[in-house]
Amino acid sequence: MILYSLGSNNPTMTSSVFLITFGSGPDLNSTKVPNNFGFSVSSKQFPVFIHTIPKEYSQLHTQTPDHTPNDINGYMYFLDIQGANSELFRYTITDLCIGYTYIFSAYFANMVKYSNAVLPPNIRFEVRSATDENQLIAQMNTSDISQTEQITWIQHGLQFDAITSSVVLLMISNHQGVEGNDPAIDDIELRMCSSGRSKFCYPNKISTEPIITNPDFIMTFGFGNETYSRTTPFDLNFRTAYQQSSVDGTGPGTFKLVNILSNHVTAWFVGELDHTPNDTGGYMLLFDANESDSECFDMIFHNLSMGIRYEITIYVANIHRKLQGSIVKPNLLFQIRTATLDNHLLVEFETGEIDTSDQLTWFKYSLSFLASSNAVVLLIFSNANAPSGIGNDFVIDDIELRISSAPVISLFPNTTSISSPLQIYQTQNLHIIADIPLDSTQSAITYQWTMFNRSLSSPIQIPLKTNNKQKEILFRSENLTFDIYEVRCTIIIRNHTSTFISTASVYIKIVPSYFIVHLLSLNRLNITHYYQHDLVLNPAKYTIAPNRLIFYPHVKCT
């Protein structure tokens, strides 16, 4: 069987990029090493390329051939795994076609017989970018590979979309134990699959140029001859708290799908069309918003690839002309959340007041996020209050989802996995620095820092008692409980009518600070502490009678 961790359909196979069968030969053991096959392993491992297990190893499947069909005396990759998180396979592949779908797979067998109750192998597939950021593109666990009465080969595979032309393919052991954990691996393969995505190939080099991908999804709201479309939110797969109108005139709390701005509201731009290029009669979504925090738009995007960084773009325009007098300007809040029970917030941005101008001006807002689930929800709220009904009128068009090609934010430290957080003692300071490969002289860059408690079923945001507008942040962890936290940096890049928003996170775990104190004779204390700690000897600070305390801080390091 084959397991796919991503997507809902099995893509059509087209061609093999590489296949490692480990060769064949008359000798029981091959003289070759992993480097001969182009991969490396952890220094803890001692791989053996063998065509059968000798019969004296009675607890294992002996005298059984490898998996490769029609392969006389074919070798397989056999391991007695030592230690968790050990790399069993690391292979760097170049010249992939960006936008294509690939499947990284291998055949596994648990070589321990059914009757022996020992630790089964459990392997993690990972695909990472072959860059300094080492970005996780996709991952999948095989789960425990069970013992069987006869040797059974099972194929496990990881499907991923190439967002860069060079990636690192990894197999990592999840289990740690002495007894058991003895897999055989064979026929490691990378295959290219047919895909409807945009395709970019860079033969013989790794491209460092920005990648412009065709959208995975775009909502243009259709087109038609009538001024007002009768298409409903249900037809377009989104929800809204506003009432739809399909006639002239407007009222607070309503929306329309229009293909031209009419003159029934004198303060609006007249005769303006939608944003979509070459879209005759194209519709746009028009709101007459008057309620603060009212939900304008709610849409779920499905079939995302976990570990891939995506980008959702929305175009917005204030449809009021620049006039004298007080007019409420639109102020929108964008949120992208996981479509899961905890509805975890991935990225959010408040536009601030969208100003009036002499001509209709479309503002582009792009929100980048790392997919941690297969579905996300885009929410758009009106954050401006217009009790008189004057102003706060705007249009939305061309909502796009695409694989992000924007520069990646790097955080230091870079513990980006919630399963392996950075351990911080409660007495320590935490210093995090953000970096993005962008010329700050060409764009205005703003940094925002937030923190979430991630050990709860519904993560809650925790206020940071520090200046969170800088490129780096320093705060004390003494007020945090012993939990796991996500520290998130949001970077906002503004350039004329375009705003780009992206996030990156590090995960930390607050742990107790251990000091062991032993009372000894002759009025002495023996204090043991971890080497990461600063030990401050100042007991007079904590006594209720400091003038009566005589303290001789003679320290002996052992």
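What follows draws every value from the coordinates through simple rules; no lab data is involved. Just so we're clear, the structure is a prediction, and the values are computed from it rather than from any experiment. Neighbour counts run over all protein chains shown; Cβ positions are idealised from the backbone, glycine included.
Which value, in debye to the nearest 20, describes the size of the charge dipole of region 217-403 about its Cα centre when Lys and Arg Cβ atoms bear +1, Asp and Glu Cβ atoms bear -1, and nothing else is charged?
For this selection, approximately 140 debye.
Among 329/471; 329/364; 256/329, which pairs are too far apart, with a Cα-Cα distance over 21 Å?
329/471
Residues of region 264-299 with the amide nitrogen closer than 14 Å to a label point 7 Å from the Cα of residue 357, along Cα-to-Cβ, please.
Counting backbone N atoms under 14 Å from the label point, the list is 269, 273, 275.
Using label points projected 7 Å from each Cα along Cα→Cβ, tell me how many nm separate residue 375 and residue 482, to one decimal.
That separation, rounded to one decimal, is 3.8 nm.
Dividing the alpha-carbon radius of gyration of region 13-201 by 2.2 N^0.38 Å (N being the number of residues), what value is obtained?
Cα Rg divided by the expected 2.2 N^0.38 Å: 1.04.
Sort 237-243, 180-186 for me by packing, meaning the mean count of neighbouring Cβ atoms within 10 Å per residue, highest on top.
Going by the mean number of other Cβ atoms within 10 Å, highest first, we get 180-186, 237-243.
Based only on Cα atoms, what Rg/Rh ratio does region 217-403 have, Rh being taken as Kirkwood's radius?
0.96
Alpha carbon centre of region 29-101 versus region 238-268: separation in Å?
64 Å
Are there trypsin sites (Lys or Arg not before Pro) in region 254-340 that DSSP puts in a loop and that have at most 16 other Cβ atoms within 10 Å, and which ones?
For trypsin sites (Lys or Arg not before Pro) across region 254-340 that sit outside H, G, I, E and B with at most 16 neighbouring Cβ atoms in 10 Å, the list reads 322.
Only Lys, Arg, Asp and Glu count, each charged at its Cβ (+1, +1, -1, -1), so figure out the dipole size of region 13-201 about its Cα centre, rounded to 20 debye.
300 debye
Would you work out which of 284, 261, 244 lies farthest towards the positive end of the dipole of region 244-301? Charges go on Cβ: Lys and Arg +1, Asp and Glu -1.
Highest projection toward the positive end goes to 261.
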